[in-house]
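Beneath this line is the structure, given in structure tokens, with notes to follow.
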Amino acid sequence: MNQNTTDAIKELLYKMADDLLIIGHRNSEWTGLGPILEEDISFSSMAQDKIGQAQALYVLLNELGEQEPDTVAFMRNANQFHNSQLVELPNGEYDFSLVRHFLFDHADQLRFEALANSSYEPLAKVARKVKGELKYHVFHGNTWFVKLGSANEESHNRMQAAFNEAWNYALGMFEPSKNEDLLIGEGIFEGEETLQEKWLANITPYIIKAGISIPSSETWKPVYGGRVGNHTIHLSPLVEEMSEVFRYDPTAEW
Amino acid sequence: MIKSLDPRITRAEINLENTIEPLRDLDQWETYEVFHQKKRGDQHMHVGIVHAPNAEMAFIFGKEQFGRRGLSVNIWVVKTRDVYVSDYEDSDIYETVPEKNYREAGGYKVMDKINKFKKGL
């Protein structure tokens, strides 16, 4: 594999892994505070799945010459993360967390689905392995999203407000990379534009079912920057909190 | 406000002066009984109960409460109120007069025949 291809794969792995690590951490902040016990456990369990998926990708990065997974996850500063800004936003109320979960997980599932046929076999292998977890996550997201979107006036208004708030950030997940042509050309990944089209097609039926309206497309302003290390003020405190224990003694055996 | 070493607690901005009122009827979702199946063809076994507003939600909760360890291939959820429950006061209906060895397996004298058959092999 030549250097350009390796770099492109690394970039792809970093943005996926960082998305999963950061949303996994955000969602885990609900542990013990979820709306009801059963949901608390479900949401926390999915957050752990996401951290596990992130780890699997950091392992691939390690095999490509990057540092150990723990070091990569816990020793970087916020501006070295490649996650989309959507996943770093504070949890807000449960409506926002659910809407983000719904929007993110659909994209994540489609991304892994496409990668299951990637010419980069190690990543294809991981993608096939996480298929079941993602299916459940998306099913969970759909169920809550449709239920609360259409339950009563208060729940509908809250979901619509959260949806409007999340929308441009969600579009930011598909920030094009400088390596799009290479990744597509070498059959590694189908590219962000295709992914966004599929994502929109997939979420639309649930959005209609939930009675939520998508902002009209002339007003769309995707929030880019996360992929190249530009983040909101919210990421730095998250990274500090997440890595606090690890940084206290990076050599400790767990 | 509660200030805690756990940042999640502090973030929740829990007001100490809030008096907590007990939930009223219908403030809680009803319960569903969860059954899981370890492998296809096995009988479904009762594993626990979840609160949920509908069967679909009961499934997503049941899956994660009881099926997250990779031990299930299938889940049933049933509304608790749809389950007919016998009364413990009637537990005596399960008692039976013991002197009926003619209907217990021990009542059959077949070991001789079995041993004979085995020897014949």
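The values are calculated or read from the model by the stated rules, or taken from the named source; none is laboratory data. This is a predicted model, so every value here is computed, not measured. When we count neighbours, we look across all protein chains shown, and the Cβ atoms used for this are built from the backbone with ideal geometry, even at glycine. Heads up: the accessible areas ignore ligands, DNA and RNA and are worked out on the full protein's heavy atoms, side chains in. Shrake-Rupley method; radii C 1.70, N 1.55, O 1.52, S 1.80 Å.
Table: residues versus (1) in contact with a strand residue (DSSP E or B) (Cβ under 8 Å, 6 or more places away or on another chain); (2) assigned to a helix (DSSP H, G or I); (3) of a type outside the set (K, R); (4) without any contact (Cβ under 8 Å) to a residue 60 or more places away in the chain.
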{"residue": "A:K10", "(1), (2), (3), (4)": "no, yes, no, yes"}
{"residue": "A:K15", "(1), (2), (3), (4)": "no, yes, no, no"}
{"residue": "A:D19", "(1), (2), (3), (4)": "no, yes, yes, no"}
{"residue": "A:A47", "(1), (2), (3), (4)": "no, yes, yes, yes"}
Residue hits (segment A:236-250; under 19 Å from the mean Cα position of the chain (by Cα) and over 16 Å from A:G24 (Cβ atoms)) are A:S236, A:P237
Would you please name the residue that is nearest to the other protein chains (Cβ to nearest Cβ), looking only at residues in segment B:64-73 that are open to solvent by 40 Å² or more (accessible area, probe 1.4 Å) and either assigned to a helix (DSSP H, G or I) or at negative phi (or both)?
B:R68
Given the conditions (1) more than 14 Å from every other protein chain (Cβ to nearest Cβ); (2) farther than 25 Å from A:Q48 by Cα, and given that A:A124 satisfies all but one, which numbered condition is not satisfied?
(2)
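If you scan segment B:25-63, which residues turn out to be among the β-branched types (V, I, T) and part of a helix (DSSP H, G or I)?
Hit for segment B:25-63 is B:I60, nothing else.
Okay, residues lined up against (1) surrounded by 15 or more Cβ atoms within 10 Å (Cβ to Cβ); (2) within 28 Å of A:Y120 (Cβ to Cβ); (3) without any contact (Cβ under 8 Å) to a residue 40 or more places away in the chain:
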site	(1), (2), (3)
A:H156	yes, no, no
A:M159	yes, no, no
A:F174	yes, yes, no
A:S216	no, no, yes
A:T219	no, no, yes
A:G226	yes, yes, no
A:D249	no, no, yes
A:E253	no, no, yes
Kindly evaluate A:L37 against the criterion of being more than 14 Å from chain B (Cβ to nearest Cβ) and over 15 Å from the mean Cα position of the chain (by Cα).
no
State all residues of segment A:199-214 that are buried (at least 17 other Cβ atoms within 10 Å of the Cβ) and in a loop (DSSP other than H, G, I, E, B); if no residue qualifies, say none.
A:I212
Among the residues of segment A:93-114, is any among the hydroxyl-bearing types (S, T, Y) and open to solvent by 10 Å² or more (accessible area, probe 1.4 Å)?
yes
Check B:V83 against each of (1) more than 11 Å from chain A (Cβ to nearest Cβ); (2) open to solvent by 100 Å² or more (accessible area, probe 1.4 Å) and name the one condition it does not meet.
(2)
I want to confirm something. Restricting to segment A:127-147 and keeping residues that are within 22 Å of the chain's Cα centre (by Cα) and open to solvent by 20 Å² or more (accessible area, probe 1.4 Å), which single residue is nearest to the other protein chains (Cβ to nearest Cβ)?
A:F139
Residue count, segment A:176-193 (criterion: under 17 Å from the mean Cα position of the chain (by Cα) and open to solvent by 30 Å² or more (accessible area, probe 1.4 Å))
2
Report yes if some residue within segment B:45-62 is away from chain A (no Cβ under 14 Å) and either surrounded by fewer than 10 Cβ atoms within 10 Å (Cβ to Cβ) or out of contact with any Pro (no Cβ under 9 Å at 6 or more places or on another chain) (or both); otherwise report no.
yes
